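Written below as structure tokens is the structure these notes are about.
The values are calculated or read from the model by the stated rules, or taken from the named source; none is laboratory data. In this text, all values refer to a predicted model and were calculated from it rather than measured experimentally. No Cβ is skipped: glycine too gets one built from the backbone with ideal geometry, and neighbour counts run over all protein chains shown. Surface accessibility is based on the protein's heavy atoms, side chains included, excluding ligands, DNA and RNA. Shrake-Rupley method; radii C 1.70, N 1.55, O 1.52, S 1.80 Å.
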Amino acid sequence: AFGRIMPSRSKTLALLAVLVVVERPVGAWHPPPPPTAPICRRLGGSCCAATCAPRPIPLRRPRAPPPLMCSDAKPAVSLSLSALARTSAFRTVAIAAVIALDITSYAFPLPFLPSHLAALGYGEAATSRLLSSFSLSALAAGLILVVHETRSPSTKSARTRCALLGASSLAMCAASAAQAAWPTFAMIYFCRLVQGALSQFAWFLSLAFAASLGSVGGMSAVAWVMVGNSVGEVAGPIFGAALYAAGGFRLPYAASAGLALALSTALFASAGAEAPDSDGRLSSDTTGGRSAPGGDRPPPPARAAPQTTAAAPP
């Protein structure tokens, strides 16, 4: 019926359209056509690899992360150590250690000093005078410091106070070393006089410095100073008796001198880590805004001048 109704040309076109629609329906997946030869090969020439070969797409390399530190790690280490020496925790521990060493220096000779003086031929009266010399010089130095502070209150910075505490620890080291080198009655008496004055000076500086520092571990710096006092009272006689039994009279004083030298080094390092400005004040505030580490409060910010604007013409 189809062949009788349609003419030959129209019949051919309609049959072709029906076949195309049936063979390739709309929406079906069709495989890609086969690759054709390069233009140079289809024209009969030789293939040029530079123009006809497929070029690989260059992949973007991931950007390397920046290095964590430079190749020379010494400046980073020095910066971290200086930052640690400026913290309130480091200075609180150093102040408490100064007080502990001071009380230890007073208490550790008590177990063996009477027997040593008895071996040198001195009686109980000389022993009592020698033991009380520490407290007498501390009392005299305390009175002098109170009078001086009443007349001219000190406003020392953290750098100055750390340096002064380091110098007092160095003087304690020299006094202990002198008693270890020359254990005579006169030398011990003189050194205990010096240690008493140094003790009062160290307490004066330590309490004033601790009052300007922040809390450490939930406790104020002054409380940590008192903890150092208790540690020195408990550990002093034990320390002295143990070292005297192990190495004689000189060993406790030599060990005390070594501890004082290490402590003075730490305090001088903390003082060197704090750089003062041109007017002598601190260049950084490490107490979170309470007050400057040396007790000097930072100056209030300057008020901005009121700005006046001229009225615009109508």
Original post:
Taking H as built 1.01 Å from N, whose amide H comes closer than 5 Å to the amide H of residue 216, not counting residues under 5 places away?
Top reply: 221
Original post:
If ligands, DNA and RNA are left out, what is the accessible area of residue 238 with a 1.4 Å probe, given in Å² to the nearest 10?
Top reply: 120
Subject >> Diffusion constant of the range 98-141 at 10 °C, which comes from Stokes-Einstein with the Kirkwood Cα-pair radius and 1.306 mPa s, µm²/s >> reply: 139
Original post:
Using +1 on the beta carbon of Lys and Arg, -1 on that of Asp and Glu, and nothing else charged, what's the dipole of the range 86-235 about the Cα centre, debye to 20?
Top reply: 480
Subject >> Charge context of residue 209, other residues only, Cβ under 9 angstrom, K/R +1, D/E -1 >> reply: +3
Original post:
Once Rh is set to the Kirkwood radius over Cα pairs, what Stokes-Einstein translational diffusion coefficient, in µm²/s, holds for the range 113-231 at a temperature of 10 °C and a viscosity of 1.306 mPa s?
Top reply: 98
